[in-house]
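Structure first, then comments.
The values are calculated or read from the model by the stated rules, or taken from the named source; none is laboratory data. Keep in mind it's a predicted model, so treat the numbers as computed, not measured. For neighbour counting, all protein chains shown are included, and Cβ atoms are generated from backbone atoms with ideal geometry for every residue, glycine included.
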Amino acid sequence: MENNNIFNKWKDGLARTRKTTFGRIANFLGTSDISDELWENLEALFIQADLGMETTLDVIQSLQERVHLEGLTRSDELAQAITEELSSRLNTPPPLVLRERPTVILIAGVNGSGKTTTMAKLGKRFQSEGKKVIFGAADTYRAAAIDQLQIWGERLGAPHASWLVMDATTGQNALHQAEAFNEAIALDGVILAKLDSSARGGMAFAIQKELGLPILYAGLGESAQDLEVFNPQAFARGILADFL
């Protein structure tokens, strides 16, 4: 029952992504033959689903190899293969181990990405686990603030972890921001905020493929309880429910 509740929460939170983008892929897979035109259309749909060019080409190549090896001839036979290929590209985040006392976690992100709300949700989660939480604001509007933060962080040996909050509604645009943040502060992981408000959840695949960063949490609603530890299986089932 608990597993069903978790899946349903992810499925509801990913409704926009599933219906708007991945739903097109499910509808596209009819009874036509697998052809060059099909691959071109599928590639375009993957890109529209915000998988990113690198991830898209990698998935298409893997699917073409499977078609050859398994002797698939009809487009509707690709549904299961697509589900398996996409699911295999999501990793379970590492367990959160807070050894230091206190543990300092730097939360970064562009203006409007959802940092404040995400921090409140993290605080609620940590409190429910019996931890004490203190929030500290950092001024990034001041000139050279980020450079000074880096210097002091190196001097003090803090923070112990650096997490980036990414606005899931911005899709591929957020990847360029993440690359810049990663160069500046060496990120340890990503939190996908506003996933329930986004039709661009496919960016999760690009984050792991192109950035090599684990997705730690995902925002699936507005309440304090709606920050979920990233669950690759539930995520994949949520966006690919129309395939299953």
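Observations on the structure shown:
- Residue match in the range 211-224 (condition: in a strand (DSSP E or B), surrounded by fewer than 21 Cβ atoms within 10 Å (Cβ to Cβ), in contact with a Gly (Cβ under 8 Å, 6 or more places away or on another chain) and not assigned by TED's automatic domain parsing to the domain that holds residue 11): yes
- Here residue 91 fulfils each of the conditions (1) within 19 Å of the chain's Cα centre (by Cα); (2) modelled with pLDDT under 85 apart from (2).
- For the range 87-140, the set of residues classified as within 25 Å of residue 209 (Cα to Cα), of a type in the set (D, E, K, R) and part of a helix (DSSP H, G or I) consists of 115 only.
- Filtering the range 53-81 to residues that are among the small types (Gly, Ala, Ser) and within 22 Å of residue 202 (Cβ to Cβ) leaves 62, 75, 79, 81.
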